[in-house]
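Rule-based calculations on the coordinates, nothing more; no lab input. Treat the numbers as computed from the prediction; the structure is a model and nothing was measured. Using ideal geometry, Cβ is built from the backbone for each residue, glycine included, and neighbour counts are taken over all protein chains shown.
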Amino acid sequence: MMQHIAVLKNTIQKYSWGSETAIAELLGLQPEPGRPMAELWMGAHPKAPSLVKTGGAWVSLEVLIEENPIDILGEPVAEKFGSRLPFLFKVLAAARPLSLQAHPSRQQALEGYERENRLGISMDAANRNYKDDNHKPECLCALTPFWAMSGFRDIGQTLHLLEKLALSGLKAQVTRLREQPDASGLKAFFRFLMTLPDDQKRKLSAEALAKALPLGSSSPVFSWMTALANEYPGDIGILSPTFLNLVELQPGGAVALPAGQLHAYLQGVGIELMANSDNVLRGGLTTKHVDVPELLDVLHFTPRSIRRLLPDPAAGCEWVYASDFEEFVLSVITVTADTDFVSPTIRGAEILLCTAGSSTITATDSGEKLTLDRGTSMLVPAAIPQYEISGDATVYKAAVPL
């Protein structure tokens, strides 16, 4: 049985691009110089499941859900997704740009995972593309000003930017893209960049940096090209601001990223909510494995504007980011001395994370109370009929749409 609200203990992923201070400050930890904290994972992914405090012991949330799927997930969620929490909740803290990347569709993930299993590629192999059989649509909500690239730009904009750079190493490709300004032309342009020999990539990157430097004050496109070149010298990904949408989110602003959309998070701290997957296909700005044919198969090359999300008011003091993904929905709850939050009675499993202030969460049927302070996260099983949050705090909620 799992019929109580429970505190979570979560894994911190210490990737090299992470911040040394942001997650540490959120959790009230002492920063460790030279040891960046990149992501805080809250959920039941096999790579790093949260631990749940229950019965006086810490138990893996993945195991707990397998043993109590109806209590934790709720019957509708368990019927649809089996004994698996369908989302993964994160705090992402980027002090340096992440890799240029995309995520597969559900069918692509299933086929890729089974194929790599048949080939005997180990889960921790450098050339492993598919760590699980699930897709990974995601939503990112900024906690600080947050820079990102997402989706291919309008081709007219890309041509204008490339013409400003006037790169001799791309003259023929720019001409071809001008003659075929559609998804097929864009794919051919991107394939050319990705399949250049390494020495030509370095030469083209050096030329791009030289041309971008004097243009840096005219547009963030060129200043980010310079910043990317400083972080990843010789990487062809430094050209990505010319062909991807570049956006700065202000705190509270969010973006939704479907499968097949090329993107990179550049700088800032945000809340990230996604389907329960760790499948990533990289395309640059990295020293890790890049599988060009697989990436080309996964990507959608039709230009699209960034899908910005602003929260819509729900009941009381809850605001919902309507991203339309079936596995998850993100919302933010702001309680004050004058305004409490009362949960709906129809709900599935939820994870709550307090990012500011202090509050009390109360299970209305049992009267059980727990303190939800800054940096604390909690699992609220579906078996809890209803709960209330009171105090003065900001709380982000990951849930499954019903």
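Could you work out the equivalent-ellipsoid semi-axes for the range 155-242, taking the square root of 5 times each eigenvalue of the Cα gyration tensor, largest first, in whole Å? Don't jump to the answer; show the numbers that get you there.
Numbers: eigenvalues 78, 49, 22 Å².
Ellipsoid half-lengths, sorted descending, are 20, 16, 10 Å.
Recomputing semi-axes √(5λ) of the Cα gyration tensor in Å from the coordinates shown identifies the correct label among (1) 32, 26, 20; (2) 43, 25, 18; (3) 40, 22, 19 as (3). Ranked by how many other Cβ atoms sit within 10 Å of their own Cβ, fewest first, the residues S366, S377 fall in the order S366, S377. Model label sites at S105 and A166, defined 7 Å from Cα along the beta-carbon direction, differ in position by 4.3 nm.
Taking the beta-carbon count within 10 Å as an exposure proxy, list S358, S390 from fewest neighbours to most. Ascending Cβ contact count within 10 Å gives the list S358, S390. Semi-axes of the equivalent ellipsoid of the range 312-399 are 18, 16, 12 Å, computed as sqrt(5λ) over the eigenvalues of the C-alpha gyration tensor in descending order.
The trypsin sites (Lys or Arg not before Pro) of the range 243-304 meeting both criteria, a DSSP state outside H, G, I, E and B (loop) and at most 15 other C-beta atoms within 10 angstrom of the site's C-beta, are K288, R304.
By other beta-carbon atoms within 10 Å, ranking E231, E62, E32 with the fewest at the front produces E32, E231, E62.
When the alpha-carbon atoms of the range 83-178 are used, the pair Rg, Dmax equals 18.8, 55 angstrom.
Taking the charge dipole of the chain about its Cα centre, with +1 at Lys and Arg Cβ atoms and -1 at Asp and Glu Cβ atoms, the residue from I346, A264, A38 reaching farthest to the positive side is A264. Pick from H160, H135, H263 the residue whose mean-square fluctuation is largest in a GNM of the chain, springs joining Cα atoms under 10 Å. Sorting by GNM fluctuation, first place goes to H160.
Counted by Cβ distance under 9 Å from V400, the other residues give a net charge of -1, where Lys and Arg count +1 and Asp and Glu count -1.
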